[in-house]
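**Q** Sending over a structure as C-alpha cells; questions will come in a sec.
The values are calculated or read from the model by the stated rules, or taken from the named source; none is laboratory data. As the structure is a computational prediction, the values presented were derived from the model and not from experiment. For neighbour counting, all protein chains shown are included, and Cβ atoms are generated from backbone atoms with ideal geometry for every residue, glycine included.
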Amino acid sequence: MAYSDKVIDHYENPRNVGTMDKDDAGVGTGMVGAPACGDVMRLQIKVGENGVIEDAKFKTYGCGSAIASSSLLTEWVKGKTLDEALEIKNTQIAEELELPPVKIHCSVLAEDAIKAAIEDYQKKQGNKDEAKSA
Amino acid sequence: MGSELSRNFFELFDLPVAFRIDRRDLAERYRILQGLTHPDRFASAGDQERRLAVQKAAQVNEAYQILRHPLSRARYLLELQGVEFDGQRDTAVDPEFLMEQMELREALAAIPAAAEPLQEYNALVARLDDSMRKLEARVAELLEQDTDSARAEAKSLVLKMQFMDKLQQEARALEEALLDTH
C-alpha cells in the first residue's frame, strides 16, 4: 500500500506537534486510541475569549496516516469556532489525504480526538461557570 | 482421528473452553496433533483425504498461534461467547489509560538519548511486563464469572492489552536498535 503525497508531506513535516498545559482552563485535551493497531493520539486546542480556536497541538504515536490525519486536523481547526470545528467529518480528512479504505479508521480517530478536546474544554468552562454562580 | 474440522480451537486441542491454559500442556498437545496431521502420513492416501489433512494441519497451526498467547486467546474466547470486536469503531478507551500509554510511549522514545539507555530500557520493559501480567490476571478472573457484565469488562481489558502488546512490540524494536549501536 502506497501513501499519498499529502500523507507523506504531513508525516515528514508534521504541523503543530507539541504539548499544551492540560490544566489551563482555556485548553481542551482530547485523548483517543485505536486498540486494533495500538495507536494513541492526543489533540489539544487553546480557545480564546471569543470562542475561537487560537492554537492547536497534537502528539500521535501511530502509523503515517494517523500522524497525517491529526496534523491536518490541527491546521484546519485553527481560527474556527468550536461549532465549526465540530462539523469537520472524518470523511473530509480521508478525502483530503486520499486515505485507502484500510486507513479510514485513522481519520475516525482524528475526528474523535477533536470532539473529545472540545468536550473537555466545555466541561472545564461549565465547571468554572458553576463555581462562579455558586 | 476424525477427518472433519473441529468446531473451535479448544475442542481441536481437546481442552475445555476456558481461558486458563497450561502452556506446556498446550505445546505438548500441539506436537502430537502436528504429528497426526503431517502430510507425510498421507503420502499414499487418496486426494480427498490428503486435502482434508492439509486443511486440518493448517487449522492446528492457526489454533496453536491463537491459544498460546493470552491476548489472542482471551479475544478468541470472548468472540466464541458472542462478544464482538470492531477494529474500525472500538476507540472508546478510558482517557486515564490513554494518558498513561502516551507517557509510556514518550518514555520509550526518550530512551536512546538517556545516559544509561539499556538500564532505562530494562526498567521500562519490566513495567510493561508487570502491567500486562496484571491485565491478564484480571481477565482470567472475569472470564471465569460467565456473566455479560464480566464479559464486557473483559473486552475493555483485552483492548487495553492490545495497546500494551503494541508497546511491547515497539520496545522490542528499540532493543534491537540499542543493541546494534552499543
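**Q** Can you name the condition, by its number, that A:SER69 falls short on among (1) closer than 28 Å to B:SER156 by Cβ; (2) over 11 Å from the mean Cα position of the chain (by Cα); (3) assigned to a helix (DSSP H, G or I)?
**A** Only one criterion in (1) closer than 28 Å to B:SER156 by Cβ; (2) over 11 Å from the mean Cα position of the chain (by Cα); (3) assigned to a helix (DSSP H, G or I) is unmet by A:SER69, namely (2).
**Q** So, in the range B:100-121, how many residues would count as being without any contact (Cβ under 8 Å) to a residue 60 or more places away in the chain, surrounded by 13 or more Cβ atoms within 10 Å (Cβ to Cβ) and away from chain A (no Cβ under 14 Å)?
**A** Within the range B:100-121, residues that are without any contact (Cβ under 8 Å) to a residue 60 or more places away in the chain, surrounded by 13 or more Cβ atoms within 10 Å (Cβ to Cβ) and away from chain A (no Cβ under 14 Å) number 2.
**Q** When only residues in the range A:93-125 that are under 22 Å from A:ILE53 (Cα atoms) and either free of Cβ contacts under 8 Å to residues at least 12 places away in the same chain or basic (Lys, Arg) (or both) count, which is farthest from the other protein chains (Cβ to nearest Cβ)?
**A** This residue is A:LYS124.
**Q** Restricting to the range B:63-93, name every residue that is within 8 Å of the chain's Cα centre (by Cα), closer than 22 Å to B:LEU142 by Cα and more than 14 Å from every other protein chain (Cβ to nearest Cβ).
**A** Selection gives B:ILE66, B:LEU67, B:ARG68, B:HIS69, B:PRO70, B:ARG73.
**Q** Considering every residue within the range A:72-92, establish whether at least one is closer than 26 Å to B:GLU170 by Cα, modelled with pLDDT of 95 or more and touching an Asp or Glu at 6+ places or on another chain (Cβ under 7 Å).
**A** The answer is yes; a qualifying residue exists.
**Q** Please state which one of B:ALA150, B:ALA63, B:ALA137, B:ALA57 is assigned to a helix (DSSP H, G or I) and modelled with pLDDT under 95.
**A** Within the list B:ALA150, B:ALA63, B:ALA137, B:ALA57, the selection yields B:ALA57.
**Q** Turning to a different aspect of this structure: Return yes when B:GLU96 is assigned to a helix (DSSP H, G or I), among the charged types (D, E, K, R), within 14 Å of chain A (Cβ to nearest Cβ) and surrounded by fewer than 16 Cβ atoms within 10 Å (Cβ to Cβ) and no when it is not.
**A** Answer is yes for this residue.
**Q** If you take the residues of the range B:130-162 that are charged (D, E, K, R) and touching a residue at least 12 places away in the same chain (Cβ under 8 Å), which of them is surrounded by the most Cβ atoms within 10 Å (Cβ to Cβ)?
**A** Checking each candidate, the answer is B:LYS160.
**Q** Name the residues in the range A:77-92 that are within 14 Å of another protein chain (Cβ to nearest Cβ) and over 22 Å from B:ASP86 (Cα atoms), would you?
**A** none
**Q** Can you confirm whether A:ILE53 is touching a residue at least 60 places away in the same chain (Cβ under 8 Å), crowded, with 17+ Cβ neighbours inside 10 Å and either assigned to a loop (DSSP other than H, G, I, E, B) or of a type in the set (Val, Ile, Thr) (or both)?
**A** Judged against the criteria, A:ILE53 is not a match.
**Q** Across the range A:1-25, which residue is farthest from A:SER71 (Cα to Cα) among those that are in contact with a strand residue (DSSP E or B) (Cβ under 8 Å, 6 or more places away or on another chain) and free of Cβ contacts under 8 Å to residues at least 40 places away in the same chain?
**A** A:ASP24
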